Amino acid sequence: MPRTPFFLALRPLRPLGSAPDPEVFHPKRGSGDLDLGPVSRQGGPMPHDHDHPHALLPPDPALRVKALETILVGKGLVDPAALDEIIDIYQNRIGPQNGARVVAMAWSDPGVKARLLSDPVPFLQELGYYGRQGEHVTVVENTAAVHNMIVCTLCSCYPWPLLGIPPGWYKSDAYRARAVRAPRAVLAEFGVRLPEGKAVRVWDSTAEMRYLVLPERPAGTEGWPVEALARLVTRDSMVGTGLAREPGT
Amino acid sequence: MSRLHDMGGRIGDGAVNPADNAIYARDWHGRALALTLAAGALGAWNIDISRHARERLSPRDYMNFSYYEKWIAALADLLVERGLVSEEELRRGAAAGASEAADRALRADDVAAALARGGPSGRSIEAPPRFAVGERVRTRRPARNILVDQGHTRLPSYAAGCAGEVVICHGAHVLPDSHAHDLGEAPEPLYAVRFAARELWGRAEHPGDTVTLDLWESYLEPEA
């Protein structure tokens with residue numbers, strides 16, 4: 001795939017390292033954010049609300065999204081049917097049921113478990129559980145001695161092909177801030193109390209590696225078929241803020 | 001040095017609310033996500049540029065905006081910066097005309113395949129990894145981008161200057177510190193590095209607790 005962004009062909013870009021073009025309005029440059037404060041096209045001070053282009057959109061978020069969609073569809077840059085398709089895929093086709101099936105298969109078959117723990121992606125590809133935000137996956141196993149828990153403190157990285165789009169709490173400031181410093185307090189908020197002596201391993205997803213927790217298999221499930229086991233595997237148990245359901249609960 | 005998105009370890013947020021369970025709490029949340037993905041498919045930026053666009057929202061906006069409001073604000077900023085949408089169009093809420101890039105638009109029929117394809121960040125590089133599993137390393141301090149002043153980095157502040165142990169070598173991956181600034185992929189070995197909670201926070205809820213982060217080779221040096 002060509003790595004040159006197509007917009008380079010549409011608009012000349014200044015050579016790297018050269019001074020910014022004074023004729024060009026730079027709302028607030030990422031790399032060149034030199035704390036000069038916001039400036040207007042005329043060079044005078046600009047009210048804060050206009051130092052980013054997004055402030056030109058309506059303030060109400062629902063109307064903002066609508067306005068941006070209207071513009072992009074009007075320019076031919078977005079196909080509204082593609083938006084419906086994206087929403088439908090993550091609402092109805094890709095979700096925690098994928099991860100639950102993987103976990104149940106690992107519980108049932110030591111060979112599957114070994115593949116998942118050593119090199120999961122080829123196996124996940126065979127199942128069709130590969131794609132955006134799941135290109136690189138590491139599976140971490142809960143044991144009698146270790147409880148794993150996943151967070152992304154910098155944004156909201158999450159294994160989409162296995163668990164779908166993250167829930168509100170995973171994206172919340174409180175979870176992002178506290179899961180790394182006070183994981184046991186957070187677990188208590190989810191109603192999880194770990195046995196004394198069990199260590200907590202938090203994984204902060206700071207790169208494109210996505211993590212899936214392989215929860216401990218509940219007792220009393222020997223010989224259960226994969227479909228029945230999968231029903232015990234909750235989304236939260238695969239993020240590490242929960243445990244697999246006990247049979248009969 | 002830090003921006004508000006770098007919130008790991010921050011004090012004062014209060015309890016997590018497990019009942020905040022929905023993927024899209026409002027109808028427009030799904031629309032915001034879909035619009036961001038569809039616009040990203042135009043190829044005018046990469047995922048690191050997109051993350052950085054959210055991170056460099058002003059602190060006031062970052063604090064006041066809900067999660068998907070950040071996405072939409074960053075998307076609007078990127079569309080203008082990359083010349084795909086004009087400020088006048090944002091102001092009017094309507095397109096001034098068809099875009100030259102319209103032939104790159106993601107079509108409904110191609111969505112499933114595009115999402116299934118993804119965009120792997122793993123790369124093959126010649127250089128062997130500098131560190132091996134079991135080796136002790138120390139992270140850069142302060143946590144900062146050394147290629148671009150005040151630029152994007154994926155080393156959280158809470159882990160800056162801390163010593164830990166390499167537990168996994170993930171192979172080489174695209175370096176966000178470069179890629180977020182149109183400076184190329186600059187792939188480097190990526191490692192999972194495990195830190196004792198006590199090393200990061202000065203205290204731990206439990207002596208055995210650890211936090212593991214994925215860190216690029218240039219973020220690390222040998223501990224000693």
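Please list A:Ser172, B:Ser2, A:Ser205 in order of solvent-accessible area, largest first, computed with a 1.4 Å probe with all protein chains present. Please report the intermediate quantities before stating the final value.
Numbers: A:Ser172 30, B:Ser2 80, A:Ser205 0 Å².
Order by accessible area, largest first: B:Ser2, A:Ser172, A:Ser205.
Among DSSP beta bridges whose residues both lie in the protein assembly as shown, state the antiparallel percentage, nearest 5. Walk me through the numbers on the way to the answer.
Values: 23 of 39 bridges.
Antiparallel: roughly 60 percent of the beta bridges in the protein assembly as shown.
Find out how many positive minus negative residues lie around B:Gly208, taking Lys and Arg as positive, Asp and Glu as negative, among other residues whose Cβ is under 12 Å from that of B:Gly208. Walk me through the numbers on the way to the answer.
On the way: positive: A:Arg184, A:Lys198, A:Arg201, B:Arg194, B:Arg198; negative: A:Glu196, B:Glu205, B:Asp209.
My count for the surroundings of B:Gly208 gives +2.
Between the range A:163-194 and the range B:75-122, how far is it from one alpha carbon centroid to the other, in angstrom?
With the range A:163-194 and the range B:75-122 each reduced to a Cα centre, they are spaced 33 Å.
Which cysteines does the protein assembly as shown leave without a neighbouring Cys Cβ under 4.7 Å?
Singleton cysteines: A:Cys155, B:Cys162, B:Cys169.
Given the whole protein assembly as supplied and a 1.4 Å probe, what does the accessible area of B:Ile146 come to in Å², nearest 10?
About 100 Å², ignoring ligands and nucleic acids.
Rounded, prolate or oblate: which fits the range B:1-67, taking a ≥ b ≥ c as square roots of the Cα gyration tensor eigenvalues, rounded meaning a/c under 1.5, else prolate when a/b beats b/c? List each step's numbers first, then the result.
Numbers: a/c = 2.37, a/b = 1.21, b/c = 1.95.
Oblate.
Please turn the phi angles of the range A:227-240 into ³J(HN,Hα) values with the Karplus equation 6.51 cos²θ - 1.76 cosθ + 1.60 (θ = phi - 60°), one per residue in order, whole Hz, x for glycine and proline.
Karplus values, whole Hz, x for Gly and Pro: 5, 6, 4, 4, 5, 8, 8, 8, 4, 4, 5, 8, 9, x.
Under the classification rounded if a/c is under 1.5, otherwise prolate if a/b is larger than b/c and oblate if not, where does the range B:27-117 fall, given a ≥ b ≥ c as square roots of the Cα gyration tensor eigenvalues? Display every interim value, and only then the final one.
Values: a/c = 1.69, a/b = 1.22, b/c = 1.39.
Since a/c reaches 1.5 but b/c is at least a/b, the shape of the range B:27-117 is classed as oblate.
Suppose only helical runs count, i.e. DSSP H with n ≥ 4. What mean residue ellipticity at 222 nm does that imply for the protein assembly as shown under -39500 (n - 2.57) per run, divided by all residues and rounded to the nearest 500 deg cm²/dmol?
Working: 20 runs with 157 residues, N = 473.
After summing the helix terms and dividing by the residues of the protein assembly as shown, the value is -9000 deg cm²/dmol.
Grab the alpha carbons of the range B:1-156, take their convex hull, and tell me the volume per residue in Å³.
Numbers: hull volume 33.9 nm³, N = 156.
That works out to 218 Å³ per residue.
Classify the range A:95-239 from the C-alpha gyration tensor, please: rounded if a/c falls under 1.5, else prolate or oblate depending on whether a/b exceeds b/c. List each step's numbers first, then the result.
Details: a/c = 1.75, a/b = 1.19, b/c = 1.48.
It is oblate, given that a/c is not under 1.5 and a/b is not larger than b/c.
What FRET efficiency would be calculated for the residue pair B:Ala163, A:Gln97, taking the C-beta separation as r and a Förster radius of 45 Å, to the nearest 0.05?
On the way: r = 41 Å, r/R0 = 0.91.
Approximately 0.65, to the nearest 0.05.
Taking the alpha-carbon centroid of each part, what is the distance from the range B:134-187 to the range A:116-130 in angstrom?
So the two Cα centres are separated by 27 Å.
Largest first, what is the accessible-area ranking of A:Asp79, B:Asp27 with a 1.4 Å probe? Walk me through the intermediate numbers first.
Details: A:Asp79 30, B:Asp27 150 Å².
Greatest to least solvent exposure: B:Asp27, A:Asp79.
Could you check which residue among B:Pro187, B:Pro176, B:Pro142 shows the biggest mean-square fluctuation in a GNM of chain B with a 10 Å Cα cutoff?
Looking only at B:Pro187, B:Pro176, B:Pro142, the largest GNM fluctuation is found for B:Pro142.
Given that compact globular proteins tend to follow 2.2 N^0.38 Å, what is the ratio of the alpha-carbon Rg of the protein assembly as shown to that value? All intermediate terms of the calculation are to be shown ahead of the outcome.
Details: Rg = 22.3 Å, N = 473, 2.2 N^0.38 = 22.8 Å.
Compared with the compact-globule rule of thumb, the protein assembly as shown sits at 0.98.
With springs connecting C-alpha atoms under 10 Å apart, model chain B as a Gaussian network and identify which of B:Arg54, B:Arg31, B:Arg154 has the largest mean-square fluctuation.
Greatest mean-square fluctuation among the candidates belongs to B:Arg31.
Give the separation of the Cα centroids, the range A:59-113 to the range B:1-37, in Å.
Between the Cα centre of the range A:59-113 and that of the range B:1-37, the gap is 16 Å.
Which value, in Å² and to the nearest 10, is the accessible area of B:Ile11 when all protein chains are kept and the probe is 1.4 Å?
140
Under a point spin-label approximation (7 Å from Cα along Cα-to-Cβ), what is the B:Arg104-A:Ala185 distance to one decimal in nm?
Calculated label separation equals 4.5 nm.
Among the lysines, select those whose C-alpha is under 27 Å from the C-alpha of B:Lys70, and discard any that sit fewer than 8 residues away in the same chain.
In chain and number order, the partners are A:Lys28, A:Lys66, A:Lys75, A:Lys171.
Give me the percent relative contact order of the range B:27-117, please, defined on Cα pairs under 8 angstrom at least 6 residues apart.
Values: 48 pairs, mean separation 30.2, N = 91.
Taking the mean separation of contacting Cα pairs over the length of the range B:27-117, I get 33 percent.
The values are calculated or read from the model by the stated rules, or taken from the named source; none is laboratory data. Please read all numbers here as calculations on a predicted model, not as lab measurements. When we count neighbours, we look across all protein chains shown, and the Cβ atoms used for this are built from the backbone with ideal geometry, even at glycine. Side chains are part of the model used for accessible areas, which takes the heavy atoms of the whole protein and leaves out ligands, DNA and RNA. Shrake-Rupley method; radii C 1.70, N 1.55, O 1.52, S 1.80 Å.
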